[in-house]
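Visitor: Could you have a look at this structure, given as structure tokens, before my questions?
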Ligand code: MN
């Protein structure tokens with residue numbers, strides 16, 4: 001069952017945390033995403049909820065009694081909706097809890113934000129048909145989409161150990177590559193390092209090994225969504241991916257944003273899921289009324305690049321592209337149902353990546369592989385620099401937000417990562 005729109009989404013709600021009422025804030029009182037933070041010198045993470053430019057310590061505010069995100073994940077839908085209502089009532093203007101809550105409030109700029117939870121298994125999908133077509137055209141100009149694409153959500157098993165928190169840096173990976181004019185590969189730092197603009201769905205409720213999750217219940221297993229940058233070394237990928245798919249080209253780092261925006265918060269931004277005219281309807285196990293009526297999410301996504309030169313000048317960076325998750329070929333619910341159709345068990349903290357979210361227009365592409373047409377067309381930046389792929393010192397920043405008439409805009413914060421030279 002998908003979360004309803006209720007009083008917690010009312011655009012007239014205002015918070016006594018003044019920064020939350022700024023119309024440009026990603027974290028108004030209608031959002032309330034969950035994350036983990038710690039203060040300087042602390043080892044253990046605290047559970048928090050973002051409100052304006054602050055974070056509320058959930059345990060100190062006596063809203064929950066522990067420190068493990070699984071406490072929130074284990075809650076049934078009704079309990080989580082009750083918690084959301086408690087948070088709204090405590091944070092809204094005129095609340096009797098203002099004094100108690102204020103003592104549990106920290107500026108986000110003064111704390112470390114970590115991964116939102118311990119990440120279990122990581123599966124990455126390929127749900128943007130525009131991305132799949134763009135990449136497919138580079139590999140197979142006559143036949144860009146493989147015949148299975150319109151019948152099942154394509155995915156592969158990624159690596160959870162290298163998922164890092166937003167703000168982290170990583171070293172350019174070393175790997176085997178083979179240039180077109182070489183007859184043998186060599187080991188070298190990747191020269192075709194790329195980002196991928198994605199969303200991550202975080203699993204809350206498990207299914208028992210052997211049990212399938214029906215489409216109608218699939219969203220009950222999902223905690224919420226965050227931003228994911230699935231860094232990719234295209235030259236390593238090109239040499240290694242056949243016959244078993246991506247491996248070391250992907251597993252050196254993936255960056256996850258700190259805040260999980262819950263499906264409850266996203267309720268006003270649902271849209272119908274439709275297939276383009278002439279495309280096959282999904283098989284019955286991937287088809288359902290609720291999925292058709294509101295399976296999709298209207299989430300605007302943006303990628304920005306800040307080069308080392310830009311950073312030295314204090315410039316925030318150039319936006320490279322913008323797309324929207326509404327055009328995904330498969331919904332989050334379909335990903336969960338398809339993932340479990342063979343009896344595979346999902347566990348709390350598992351992460352399902354949507355795959356690169358590219359829009360239908362060339363400038364809406366969610367990777368450099370697409371924006372530079374495989375490195376053939378350099379991208380011109382505002383300061384005169386050019387890029388085909390990422391250079392050392394480049395920082396990639398993802399943003400996401402939802403807006404709709406009659407509702408308060410909510411956002412995902414940022415997902416930021418910086419490329420360091422090969423170690
Ligand atoms: Mn990916």
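Visitor: Take segment 219-240 and flag every residue that is assigned to a strand (DSSP E or B) and either over 23 Å from residue 115 (Cα atoms) or within 14 Å of the ligand (Cβ to nearest atom) (or both).
Guide: Residues satisfying the conditions are 227, 228, 229, 232, 233.
Visitor: Identify, from the list 365, 267, 308, the residue that is in contact with a helix residue (DSSP H, G or I) (Cβ under 7 Å, 6 or more places away or on another chain) and either within 25 Å of residue 407 (Cβ to Cβ) or surrounded by fewer than 18 Cβ atoms within 10 Å (Cβ to Cβ) (or both).
Guide: 267
Visitor: Restricting to segment 333-349, name every residue that is at positive phi and surrounded by 20 or more Cβ atoms within 10 Å (Cβ to Cβ).
Guide: 349
For (1) over 23 Å from residue 375 (Cβ atoms); (2) away from the ligand (no atom under 16 Å from the Cβ); (3) buried (at least 24 other Cβ atoms within 10 Å of the Cβ), each residue gets a yes or a no:
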site	(1), (2), (3)
217	yes, yes, no
245	no, no, no
250	no, no, yes
255	no, no, yes
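Visitor: Here is a further query. May I ask you to say which residue of 414, 370 is touching a helix residue (DSSP H, G or I) at 6+ places or on another chain (Cβ under 8 Å) and buried (at least 17 other Cβ atoms within 10 Å of the Cβ)?
Guide: 370
Visitor: Next question, about the same structure. From the list 126, 156, exactly one residue is at pLDDT 95 or above, crowded, with 18+ Cβ neighbours inside 10 Å and within 14 Å of the ligand (Cβ to nearest atom). Which is it?
Guide: On the way: 156 fails: crowded, with 18+ Cβ neighbours inside 10 Å.
Every option except 126 fails the conditions.
Visitor: Would you please list the contacts, defined by Cβ atoms under 7 Å and residues six or more apart or on different chains, that run from a residue in segment 219-246 that is touching a residue at least 24 places away in the same chain (Cβ under 8 Å) and more than 14 Å from residue 259 (Cα to Cα) to a residue that is assigned to a helix (DSSP H, G or I) and more than 14 Å from the ligand (Cβ to nearest atom)?
Guide: Listed by first residue and then by second, the contacts come to 219/332; 219/333; 220/77; 221/336; 222/332; 222/336.
Visitor: On to the next question. Quick check on my filter: what residues within segment 361-372 are within 16 Å of the ligand (Cβ to nearest atom) and part of a helix (DSSP H, G or I)?
Guide: 368, 369, 370, 371
Visitor: Same structure, new question: Please tell me if residue 93 is surrounded by 14 or more Cβ atoms within 10 Å (Cβ to Cβ) and away from the ligand (no atom under 16 Å from the Cβ).
Guide: Answer is no for this residue.
Visitor: Right, next: Might you let me know whether segment 76-84 holds any residue that is assigned to a loop (DSSP other than H, G, I, E, B) and buried (at least 21 other Cβ atoms within 10 Å of the Cβ)? Don't jump to the end; show me each part of the working.
Guide: So the first thing to find is which residues in segment 76-84 are assigned to a loop (DSSP other than H, G, I, E, B), and the list is 76.
This time we only want the ones that are buried (at least 21 other Cβ atoms within 10 Å of the Cβ), so: none.
Looking through segment 76-84, none of the residues is assigned to a loop (DSSP other than H, G, I, E, B) and buried (at least 21 other Cβ atoms within 10 Å of the Cβ).
Visitor: Here are some conditions: (1) touching a strand residue (DSSP E or B) at 6+ places or on another chain (Cβ under 7 Å); (2) free of Cβ contacts under 8 Å to residues at least 24 places away in the same chain; (3) within 25 Å of residue 339 (Cβ to Cβ). Residue 67 meets all but one. Which one does it not meet?
Guide: That leaves (3) as the condition not met.
Visitor: Quick one: which residue in 90, 94, 41 is in a helix (DSSP H, G or I) and either more than 22 Å from residue 401 (Cα to Cα) or under 22 Å from the mean Cα position of the chain (by Cα) (or both)?
Guide: Sole residue among the options that is in a helix (DSSP H, G or I) and either more than 22 Å from residue 401 (Cα to Cα) or under 22 Å from the mean Cα position of the chain (by Cα) (or both): 90.
Visitor: To continue, here is another question. Having 1 or more residues that are within 30 Å of residue 78 (Cα to Cα) is the bar; report the helices (runs of 4 or more DSSP H) wholly within segment 243-360 that clear it.
Guide: Where helices (runs of 4 or more DSSP H) fall fully within segment 243-360 and carry at least 1 residues being within 30 Å of residue 78 (Cα to Cα), they are 289-294, 332-340.
Visitor: Would you mind telling me which numbered condition in (1) under 18 Å from residue 233 (Cβ atoms); (2) within 16 Å of the ligand (Cβ to nearest atom) residue 375 fails?
Guide: (2)
Visitor: For segment 121-202, please list each of the strands (runs of 3 or more DSSP E) lying entirely inside it that holds at least 1 residues being without any contact (Cβ under 8 Å) to a residue 40 or more places away in the chain and on the phi < 0 side of the Ramachandran plot.
Guide: Here the list reads 155-157, 186-189.
The values are calculated or read from the model by the stated rules, or taken from the named source; none is laboratory data. This structure is a prediction, so every number in the text was calculated from the model and none was measured. All Cβ positions, glycine included, derive from the backbone under ideal geometry; neighbour counts span all protein chains shown.
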